[in-house]
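A short worksheet on the structure shown next.
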Amino acid sequence: MLEEHLGQCPYCWEHIYFEIDLSIENQEYVEDCQVCCNPILLRVNSNGLEVHIETAREDDGF
Ligand SMILES: [Zn+2]
C-alpha cells in the first residue's frame, strides 16, 4: 500500500512528496530530491494510522 506524504528536503528545504509503503513499520532508505536531486536519507515510522517522516542529509546520518 503506497501513500504520498510530505517531507522536507534537507538540502533545498522544499517540501516534496515521498511515496511511502505503509506495510513496512520502520524503514530507512535514500531517495533523490525531486527538486535538487541530492540524496535524502529518509526514516519512516508508520503504525498503520499515522506516518512520521524524518529527513536527513546522506552524509550527516541521523
Ligand atoms: Zn532538495
Can you find even one residue in region 20-37 that is outside any loop (DSSP other than H, G, I, E, B), within 10 Å of the ligand (Cβ to nearest atom) and among the acidic types (Asp, Glu)? yes
For the structure I just gave you, tell me whether Ile53 is on the phi < 0 side of the Ramachandran plot, more than 13 Å from the ligand (Cβ to nearest atom) and either small (Gly, Ala, Ser) or in a loop (DSSP other than H, G, I, E, B) (or both). no
For region 1-19, give me each residue that is surrounded by 12 or more Cβ atoms within 10 Å (Cβ to Cβ) and not in a strand (DSSP E or B). Cys9, Pro10, Tyr11, Cys12, Glu14
Go through (1) touching a Cys at 6+ places or on another chain (Cβ under 8 Å); (2) at pLDDT below 95 for Ile40 and report which single condition fails. (2)
If we ask which residues in region 38-50 are within 12 Å of the ligand (Cβ to nearest atom) and either of a type in the set (Asp, Glu) or not in a loop (DSSP other than H, G, I, E, B) (or both), their number turns out to be 2
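The values are calculated or read from the model by the stated rules, or taken from the named source; none is laboratory data. Quick caveat, the model's predicted, so the values are computed rather than measured. So basically every Cβ, Gly included, is an ideal-geometry build from the backbone, and we count neighbours across all protein chains shown.
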